[in-house]
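First the structure, in the form of structure tokens, and then the observations on it.
The values are calculated or read from the model by the stated rules, or taken from the named source; none is laboratory data. What you see is a predicted model; the values in this text were computed from it and never measured. Every residue, glycine as well, gets a Cβ built from its backbone with ideal geometry; the counts of neighbours run over all protein chains shown.
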Amino acid sequence: MAIEKKYMPEKRFKLSAKGTLILVGVILAIILIIVIGVMLSMRRNDGARYAELLSEQIGTSPESAQKYAHVTLEGSSEFACINMAAQGVPHLYESKKTVEVSGVSIPQWVIYVEENNNTLTGISYYDYKQLKKYGNGTKVKSHIDTSGITTGMDAQAVQHYVGFAPLKVRYTSEGIQETYKYYYKDQNTGNTVSYLLYVNYTDGLASSASETENTFILSVLTVS
């Protein structure tokens, strides 16, 4: 005689209200940890910020500047080309991330720190990421008119007018100089034209702007 099996409904797992709140809290905590990690990583790679912090210590010793900016200055770079570019500058601080420029790996940014008699005299920040696509800097549509940079503009206003960040920022006790490097295709000749645009600041406000053509073709045509 066959025994009839009784139907047993399938048990389904159901979270209580308290369990749901705990699960949501765990998920939010994981997301928060990821966001904080990304932000800290970006902050650690913010060369412009470190350069500004170090510049606030011009006139003090390198040791004091390191403590203030929470960095460790090095006497040389891990990259031979950066050591050649340093030209005897005694200290530098560079990005741990790299970028490839003309087939050569270099740090994304480098801060060159000058000193005299154990006193900081100048800070130069180079944003080498800008050279990733082309050594002549940022590509623009046409020539940038320096007359649009007027006395009294702050750095944010200047960068908004130019349309991109400077390749180099140099700090001294006298003030700040930004150098923008860009290129474009001349509509008349079809040739690539490159310029260096210099903006000087006094007490945080633009005091002058000038430019010079970057005749990069000469380094290609001549051999010393």
Hits in region 95-124 (condition: touching a residue at least 40 places away in the same chain (Cβ under 8 Å), touching a Pro at 6+ places or on another chain (Cβ under 9 Å) and not small (Gly, Ala, Ser))
LYS96, LYS97, VAL113, GLU115, ASN118, THR119, LEU120
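Okay, residues lined up against (1) at pLDDT below 95; (2) closer than 30 Å to SER105 by Cα; (3) more than 22 Å from the chain's Cα centre (by Cα); (4) in a strand (DSSP E or B):
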{"site": "GLN130", "(1), (2), (3), (4)": "yes, yes, no, no"}
{"site": "GLN187", "(1), (2), (3), (4)": "yes, no, yes, no"}
{"site": "TYR198", "(1), (2), (3), (4)": "no, yes, no, yes"}
{"site": "THR212", "(1), (2), (3), (4)": "no, yes, yes, yes"}
{"site": "VAL223", "(1), (2), (3), (4)": "yes, yes, yes, no"}
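Each row is one residue, and each column tells you yes or no for (1) surrounded by fewer than 17 Cβ atoms within 10 Å (Cβ to Cβ); (2) in contact with a Phe, Trp or Tyr (Cβ under 8 Å, 6 or more places away or on another chain); (3) under 19 Å from ALA51 (Cα atoms); (4) not assigned by TED's automatic domain parsing to the domain that holds GLY47.
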residue	(1), (2), (3), (4)
ALA86	no, yes, yes, no
SER105	yes, yes, no, no
TRP109	no, yes, yes, no
ASN116	yes, no, yes, no
Based on this model, can you work out whether VAL99 counts as among the aliphatic types (A, V, I, L, M), over 23 Å from THR60 (Cα atoms) and either surrounded by fewer than 17 Cβ atoms within 10 Å (Cβ to Cβ) or in the same structural domain as HIS70 (by TED's automatic domain parsing) (or both)?
yes
Please go through region 96-122 and pick out each residue that is of a type in the set (Phe, Trp, Tyr) and either more than 18 Å from the chain's Cα centre (by Cα) or closer than 19 Å to GLU174 by Cα (or both).
TYR112
Pick from region 149-174, criterion part of a loop (DSSP other than H, G, I, E, B) and β-branched (Val, Ile, Thr), ranking: nearest to the chain's Cα centre (by Cα):
ILE149
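Listed here are the residues, each with its yes/no results for (1) at positive phi; (2) in contact (Cβ under 8 Å) with a residue 24 or more places away in the chain; (3) of a type outside the set (Gly, Ala, Ser).
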{"site": "GLU56", "(1), (2), (3)": "no, no, yes"}
{"site": "SER61", "(1), (2), (3)": "no, yes, no"}
{"site": "HIS70", "(1), (2), (3)": "yes, no, yes"}
{"site": "LEU73", "(1), (2), (3)": "no, yes, yes"}
{"site": "SER76", "(1), (2), (3)": "no, no, no"}
{"site": "ALA80", "(1), (2), (3)": "no, no, no"}
{"site": "ASN83", "(1), (2), (3)": "no, no, yes"}
{"site": "GLY88", "(1), (2), (3)": "yes, no, no"}
{"site": "TYR93", "(1), (2), (3)": "no, yes, yes"}
Apart from one, (1) out of contact with any Ser or Thr (no Cβ under 6 Å at 6 or more places or on another chain); (2) within 24 Å of ALA165 (Cα to Cα); (3) surrounded by 15 or more Cβ atoms within 10 Å (Cβ to Cβ) all hold for ALA48; the odd one out is (3)
Is region 198-205 home to any residue that is within 18 Å of ARG49 (Cα to Cα) and touching a Gly at 6+ places or on another chain (Cβ under 7 Å)?
yes
Among the residues of region 55-62, are any within 16 Å of VAL110 (Cα to Cα) and at pLDDT 95 or above?
yes
Can you name the condition, by its number, that GLN177 falls short on among (1) in contact (Cβ under 8 Å) with a residue 60 or more places away in the chain; (2) outside any loop (DSSP other than H, G, I, E, B); (3) among the polar types (S, T, N, Q)?
(1)
